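We did not get these values from a lab; they are worked out from the coordinates using the rules stated. In this text the structure is predicted, and so the values were computed from the model without any measurement. Backbone-built Cβ (ideal geometry, glycine too); neighbour counts: all protein chains shown.
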Amino acid sequence: MQAKEGDTYDTLKKCITINIVDYEFLPVNKVHTVYHLTEDETRYRLTDVLEVHFCELEKLRTGMEISDADDLALNWMKFLAARTKGEMEMVAKDDKEIKEAYDYLQVISKDREKRMVYEARQAWLMDQRTREKVAREEGMREGMQEGAEKEKINIAKNLLSVGMAIADIAKVTGLMAEEIEKLRN
């Protein structure tokens, strides 16, 4: 859960849903529509952390006015609405991300063996990124633990210097009495 009791909505991360439908779904003369949480009567927008998009590909194919969609969304919609390889290639040639998606489609539509090799490579890359991420997180945890231990030792040294009893220092820092005794030297 992102938010805790007492948090405000601005602590939430934005959640965007994109619904791509291959038919006319909404009674609105727009290819791309966006919805948010608003109060029914006053139209007050509660928050912008939830956004629901509808992309209606059939409206795009029928030539409906498309000025309502930004260029990026429009290019993706054209790519998804394409019915021929040529149409897909036309859209893919002008956009790097769409070209990557097109290339991926080409690979997975090839023979079974090539698809398995491609998927194995993709799995290896994901595994590699996961290992790197876990190693970074483990290193951060270890560093934080080491820093916390050093802080306990510094606090113990300061308390010793003002004459506090070892038993009391142990209670405050969580260090063992033997460890604190060694700090006196």
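Structure values in brief
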| item | result |
| --- | --- |
| Residue tally, condition charged (D, E, K, R) and either in a strand (DSSP E or B) or surrounded by 14 or more Cβ atoms within 10 Å (Cβ to Cβ) (or both), over the stretch 25-65 | 8 |
| Filtered residue count, the stretch 20-50, keeping only those that are in contact with a strand residue (DSSP E or B) (Cβ under 7 Å, 6 or more places away or on another chain) and either touching a residue at least 60 places away in the same chain (Cβ under 8 Å) or on the phi > 0 side of the Ramachandran plot (or both) | 1 |
| Matching residues in the stretch 79-94 - criterion: being within 13 Å of Leu105 (Cα to Cα), within 27 Å of the chain's Cα centre (by Cα) and charged (D, E, K, R) | none |
| Members of the stretch 133-182 that are surrounded by 10 or more Cβ atoms within 10 Å (Cβ to Cβ), not in a helix (DSSP H, G or I) and not hydrophobic (A, V, I, L, M, F, W, C) | Gly174 |
| Residue satisfying all of: in the stretch 66-87; assigned to a loop (DSSP other than H, G, I, E, B) and of a type in the set (S, T, N, Q); farthest from Ala101 (Cα to Cα) among these | Ser67 |
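Residue-wise test of (1) in contact with a strand residue (DSSP E or B) (Cβ under 8 Å, 6 or more places away or on another chain); (2) within 17 Å of Ile18 (Cα to Cα); (3) hydrophobic (A, V, I, L, M, F, W, C).
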site: Met64; (1), (2), (3): no, no, yes
site: Lys78; (1), (2), (3): no, yes, no
site: Lys96; (1), (2), (3): no, no, no
site: Met116; (1), (2), (3): no, no, yes
site: Trp124; (1), (2), (3): no, no, yes
site: Arg129; (1), (2), (3): no, no, no
site: Ala135; (1), (2), (3): no, no, yes
site: Glu138; (1), (2), (3): no, no, no
